[in-house]
There are 2 protein chains.
Amino acid sequence: MTFADATAVTENGDHYLSEIHDGWDVAGNANGGYLMALGARAMSSAAGRDHPVALNAHFLAPGRTGPVTVHPRVVREGGRFTTVSASLRAGDRHLVELRGRFVSLERVAGPVRAAATPPELPPPEDCLQMTPERGSPSLMGKVDLRLHPEDAGFARGEPTGRPLFRGWLRFHGEEVDAFGLILAADVFPPTVFNANLPIAWAPTLEMTAHVRGQPEPGWLRCRFSTRFITGGLMEEDGEIWDASGRLVAQSRQLALVPRPRT
Amino acid sequence: MTFADATAVTENGDHYLSEIHDGWDVAGNANGGYLMALGARAMSSAAGRDHPVALNAHFLAPGRTGPVTVHPRVVREGGRFTTVSASLRAGDRHLVELRGRFVSLERVAGPVRAAATPPELPPPEDCLQMTPERGSPSLMGKVDLRLHPEDAGFARGEPTGRPLFRGWLRFHGEEVDAFGLILAADVFPPTVFNANLPIAWAPTLEMTAHVRGQPEPGWLRCRFSTRFITGGLMEEDGEIWDASGRLVAQSRQLALVPRPRT
């Protein structure tokens, strides 16, 4: 099942019907970016605009495989953007609260000024492919994710000590579009896995994705890093570059850092 | 009038009454961080929790001096956090749509791991104080903002070419609290003023502030930068450090880059 099919929504009066499909999870909990993308499809439809440009999510409860509904509400329709709020629910369980601005995105064109370059990566075949067969979550069967070998030590129980992951990403059998970028922004292992801290889990409170343009077909280059673990919280910042070398998305999530057991 | 007074709210049934006070504006439009802080006070009251920890804003229309109302809706009350949505309105004009998580924040304590240090700044008295008397917006009469001399050339019509501002910030006559950090995250000149681009205005679509802890009393050190101007959009990332050298807030806003006239 493609990502497009796995995030499809059907209009049903004032809300949309959809389903959390099997396999887009880590240990039974649906990936946050997957839930955001699914919700964004309903919001985009309600807005009558093709793409999310800025999407915020507050995660309230874990999503499990099964039917869900999306309840969008158009907040304001402007000349170029439409702002939409939405709730994603499983029955009466409130899973995610979303808000975003929607637009018809062009491929990234016109002047570009960037003070950062895409991460340098060895060719995909020289990177570590994350697969369920090698012990990665089932989600890794849905995407083709290749980690930079320098960041892959955590998979052998040897975290690098730097909360950083770099790598290639594409989907199996389809190109990544603006909605796919939202999944891409949440599909790498949590940076904290490389942090040499006694933390195996850092639940996300809030995530914001900015889609800066539609990606060209091909591999995406991705970089996720954490600079501050402080006050019981950590951020994870993501950058996604397309095959033409242009930045197509940025993301930031704020996660709780559980207090280590003493 | 202190910041606390200028963002005070009064409960009135299912909503809150407040006022956009004179002087918290740039060219007649109320500062976005000021509007967010004002909204957050009503949301915090509705949540029964002291502080915002993650606050998203979508800016829909400019705010002018005069009465406003805040309409909060508690989305979910958890054991530690309460999630609240809110609309900020002037009559029937919808100014800002907000969503945030509220908590009782401690001063930043416990383990801290940071891969970045506060910006190095000359002493405040050797920095450029932005004041209305010297041509800065009236907002600069409300805060004490001292720009790093290396970033201050734009004020003489000599942008540095780097979309970066560093400097000190404090309020006149009161310490900056968690709400003040939200204003602080939006009170420096737009980074694009130093970018050597024919752009004098970049309206913010969306802004997210993460409050990582309550600041210690004293000067804040601030850093705002833009790395990507692409696809007709730019981000502006902020970091705010307290007098003890701890990161207390991060912010990111997404702004439209108007197409230069040709």
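What the table shows:
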quantity	calculated
Test result for B:Leu169, in contact with a Phe, Trp or Tyr (Cβ under 6 Å, 6 or more places away or on another chain) and not in a loop (DSSP other than H, G, I, E, B)	no
Output for segment A:205-224, where each listed residue is out of contact with any Asp or Glu (no Cβ under 6 Å at 6 or more places or on another chain) and not in a strand (DSSP E or B)	A:Arg212, A:Gly213, A:Gly218, A:Trp219
Qualifying residues in segment A:227-238 (those that are buried (at least 24 other Cβ atoms within 10 Å of the Cβ) and at pLDDT 95 or above) - the one nearest to A:Ile182 (Cα to Cα)	A:Gly238
Scan of segment A:141-163 for residues that are modelled with pLDDT of 95 or more and under 21 Å from the mean Cα position of the chain (by Cα), ordered by number	A:Val143, A:Asp144, A:Leu145, A:Arg146, A:Leu147, A:His148, A:Asp151
The lone exception for A:Pro149 - which of (1) touching a Cys at 6+ places or on another chain (Cβ under 7 Å); (2) within 22 Å of A:Pro217 (Cα to Cα) it fails	(2)
When residues of segment B:18-49 are limited to those that are assigned to a loop (DSSP other than H, G, I, E, B) and away from chain A (no Cβ under 14 Å), the one farthest from B:Leu139 (Cα to Cα)	B:Gly48
The lone exception for B:Ala54 - which of (1) in a strand (DSSP E or B); (2) more than 30 Å from A:Ala61 (Cα to Cα) it fails	(2)
Test for A:Ser225: is it within 9 Å of chain B (Cβ to nearest Cβ), over 12 Å from the mean Cα position of the chain (by Cα) and either farther than 30 Å from B:Ala57 by Cα or not acidic (Asp, Glu) (or both)	yes
Selection count, segment B:225-262, where residues are assigned to a strand (DSSP E or B) and among the β-branched types (Val, Ile, Thr)	4
Residue check, A:Pro163 within 27 Å of A:Pro62 (Cα to Cα) and either of a type in the set (Val, Ile, Thr) or in contact with a Ser or Thr (Cβ under 7 Å, 6 or more places away or on another chain) (or both)	yes
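The values are calculated or read from the model by the stated rules, or taken from the named source; none is laboratory data. What you see is a predicted model, and the numbers here were worked out from it, not measured in a lab. Cβ coordinates were reconstructed from backbone atoms using ideal geometry, including for glycine residues, and neighbour counts include every protein chain displayed.
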